[in-house]
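Trainee: The following block contains the structure, expressed as structure tokens.
The values are calculated or read from the model by the stated rules, or taken from the named source; none is laboratory data. Predicted model only: the values in this text are computed from it and were never measured. Using ideal geometry, Cβ is built from the backbone for each residue, glycine included, and neighbour counts are taken over all protein chains shown. The accessibility values were calculated without ligands, DNA or RNA, using every heavy atom of the protein model including side chains. Shrake-Rupley method; radii C 1.70, N 1.55, O 1.52, S 1.80 Å.
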Amino acid sequence: MSTLEDEKAFSLLEQAVYRAQDLLQKTKNFQPFLLLLNDAAEVELFENEVKDTNESYALLEDTLKKRIKEGDVDVMVLVVDTLIPEKFVQDVPSGIRLHLEEKSQINKKIAARFLYVPYELCRVGDGEMFVKLHNPIPVGFPAEYIVS
């Protein structure tokens, strides 16, 4: 992967984590959302008002599949508030899961990654709520969406 490709993926991941962190600070949780970087280097945000997390996620997957058929998705990040599987972390079970896929990785066996970012909701005294993020936990797997 080139440095430019790395930078595009890291930038989109960073935007996704900051958005999730901001939503967590405001509401203590967040609904799934999708960030895409298209071939014109434009970031697209997709979200919905569906309260059921599984249903909301499924709708975002449908949107993603339609967008990928258009052929101009370079990088995608599908983001959900989740519990991190025990085999990856014990101390902080709450996490932001980022499903990352990149067009530049489609020929690789492990072309996709989950990044789990453990978080804690914290408050100092009577102060405002803040989100403490921990080191991300990467998990690689074959791509599901950007496959050709």
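Trainee: In degrees, nearest 10, range 0 to 90: what is the angle between the Cα axis of helix 53-69 and the longest Cα principal axis of the chain?
Mentor: Approximately 20 degrees, to the nearest 10.
Trainee: With runs of 4+ DSSP H residues as the only contributors, calculate the mean residue ellipticity of the chain at 222 nm using -39,500 (n - 2.57) per run, divided by the residue total and rounded to the nearest 500. All intermediate terms of the calculation are to be shown ahead of the outcome.
Mentor: Working: 2 runs with 42 residues, N = 148.
Value at 222 nm, helices only, nearest 500: -10000 deg cm²/dmol.
Trainee: Also, quick follow-up: Within segment 86-115, list the trypsin sites (Lys or Arg not before Pro) lying in a DSSP loop whose Cβ has at most 12 other Cβ atoms in a 10 Å radius. Working shown, then result.
Mentor: Details: sites: Lys87, Arg97, Lys103, Lys108, Lys109, Arg113; in loops: Lys87, Lys108, Lys109.
Passing both the DSSP loop test and the Cβ count: Lys87, Lys109.
Trainee: Related question: Which entries in the list Lys28/Lys51; Lys66/Lys109; Lys8/Lys132; Lys69/Lys103 go over 21 Å, if you measure between the two C-alpha atoms of each? Each step should come with its number before you reach the end.
Mentor: Details: Lys28/Lys51 14 Å; Lys66/Lys109 24 Å; Lys8/Lys132 25 Å; Lys69/Lys103 13 Å.
Where the Cα-Cα span goes over 21 Å, the pairs concerned are Lys66/Lys109; Lys8/Lys132.
Trainee: How much accessible area per residue does segment 43-82 have, counting only protein heavy atoms and a probe of 1.4 Å, in square angstrom? Spell out each step's value before the answer.
Mentor: Values: 2200 Å² over 40 residues.
Heavy-atom SASA per residue in segment 43-82 reads 55 Å².
Trainee: At a 1.4 Å probe radius, carbon and sulfur cover how many percent of the accessible area of the chain?
Mentor: Numbers: 4240 of 8450 Å².
Here it works out to 50 percent.
Trainee: With an 8 Å cut-off on Cα pairs and a minimum separation of 6 or more residues, tell me the relative contact order of the chain in percent. If you can, show how the numbers build up before the last one.
Mentor: Details: 265 pairs, mean separation 30.5, N = 148.
Value for the chain: 21 percent.
Trainee: What accessible area per residue comes out for segment 88-128, rounded to a whole number of Å², with a 1.4 Å probe? Walk me through the numbers before you get to the answer.
Mentor: Values: 2230 Å² over 41 residues.
Value for segment 88-128: 54 Å² per residue.
Trainee: Any chance you could give the angle, 0 to 90 degrees and rounded to 10, that helix 3-27 forms with the longest Cα principal axis of the chain?
Mentor: 30
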